[in-house]
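Some notes on the structure that comes next.
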Amino acid sequence: MQSTPQFFTITNARFFCGTVALLNSLRITGHEGELVVLDTGLDEAQRQRLAPHTTLVRPGADRAGNPTMFKAFPSMLKPRGTIVIIDSDMLVTGSLARMFEAAEEGRICLYGDPTQRVRWFAEWEGLFSLSIAPRRQPYLNAGFVVFSTLRWPNLLERWWEVCWRIPDDSTRTYGAAYEDPLCLGDQDALNALLMSEIPGGAVLEAPQLEAPIFEQLTHVQVVDEERLACTHRGVSTVLLHEAGTPKVWEREACMRVRGAYVRLAPRALLADDLPLRLEPSELPPWMRGGRGGRALARGFSLTTTVVLPIIRMLPSGLRPSSEGVARLLAGARKRSRRLIESRSG
Ligand SMILES: [Mn+2]
């Protein structure tokens, strides 16, 4: 008999808002499993707000520091049954039942990333001390991984162990180049294992359209905001992945505002029926909903998806300087804040 799948995510003070949205989205979509949160740097107030709704754990003192090393942290907790390792920049928008079934049958379920299909390094064999040379197969995103520890009792431990072979300064967090075979940290480590010691047939690459990421988010239609239901190019979404930096809940992200994550944020963060609600003042104006917030989100989205690409296409002589564009956006931001304040006040 399978127990309720457990969810595991990693956060810090910067990711608090995303973590709350993730938690609420799980509950809205009917996923009742425990959410275990690895706290790599929340502040005390954030910890107190998450504590009643999640299980907070801290990394061991020797393993603090580099956030790109922690995805396999459930290894420390020895969970039994189906687990979901999920990024705190994701919203779950549909049922994971299909994944859970596949996991119970022994599959390891992940999504691909359309921007990164072919990452592979022969050097992984030596760098990670793999017992088998890596095969060439699609590189997958480690932001969402579902499998059963009953079927794969050593995978977490092996992934965790392999991550600690990565020197900090080989990761992107510490400025390593994309060509460095270890720069994506725990994601490179997992892919190296999935391409070698784990038999190819065990990996289930789920249909990527269900999990839109980056620009794909602009092609997502919200079908039912209340339930977070969306479609992406005709396919019902399972999750939305707000990858990249800065995150749309950060004030400096105005040039990244676009798509369905922003549209659904008021539902997932501010609504009355949520387990953990934020105050509108904790969010940037484009995520506060209401007429003003929505108008602002649409305005910035238009800038991000239409105006900026056009500016980038202009011949360099006609292109305004980046400071010019930044000034323009700062002005728009000031005007829109005044608009919102005048409406809400
Ligand atoms: Mn992510």
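Those strands (runs of 3 or more DSSP E) of the stretch 213-280 in which at least 1 residues are among the polar types (S, T, N, Q), considering only elements entirely within it, cover 220-224, 229-232.
For the stretch 139-147, state whether one or more residues are assigned by TED's automatic domain parsing to the domain that holds Cys183 and away from the ligand (no atom under 16 Å from the Cβ).
Within the stretch 139-147, one or more residues are assigned by TED's automatic domain parsing to the domain that holds Cys183 and away from the ligand (no atom under 16 Å from the Cβ).
Take the residues of the stretch 148-159 that are in contact (Cβ under 8 Å) with a residue 60 or more places away in the chain and surrounded by 18 or more Cβ atoms within 10 Å (Cβ to Cβ): which is nearest to the ligand (Cβ to nearest atom)? Across the stretch 148-159, the extreme among qualifying residues is Trp159.
Among the conditions (1) touching a residue at least 40 places away in the same chain (Cβ under 8 Å); (2) open to solvent by less than 30 Å² (accessible area, probe 1.4 Å); (3) closer than 25 Å to Leu140 by Cα, the only one that Val248 does not satisfy is (1). Residue-level check: of (1) within 16 Å of the ligand (Cβ to nearest atom); (2) of a type in the set (Lys, Arg); (3) assigned by TED's automatic domain parsing to the domain that holds Glu123, Arg256 misses just (3). Among residues of the stretch 85-97 being more than 14 Å from the ligand (Cβ to nearest atom) and in contact (Cβ under 8 Å) with a residue 24 or more places away in the chain, the one that is nearest to the chain's Cα centre (by Cα) is Thr93. The single condition from (1) open to solvent by less than 20 Å² (accessible area, probe 1.4 Å); (2) within 23 Å of Gly299 (Cβ to Cβ) that Met255 fails is (1).
The values are calculated or read from the model by the stated rules, or taken from the named source; none is laboratory data. Predicted model, so just to flag it, every value in this text is computed and none were measured. FYI the Cβ positions are ideal-geometry reconstructions off the backbone, even for glycines, and counts take in every protein chain you see. Heavy atoms of the whole protein, side chains included, go into the accessibility calculation; ligands, DNA and RNA do not. Shrake-Rupley method; radii C 1.70, N 1.55, O 1.52, S 1.80 Å.
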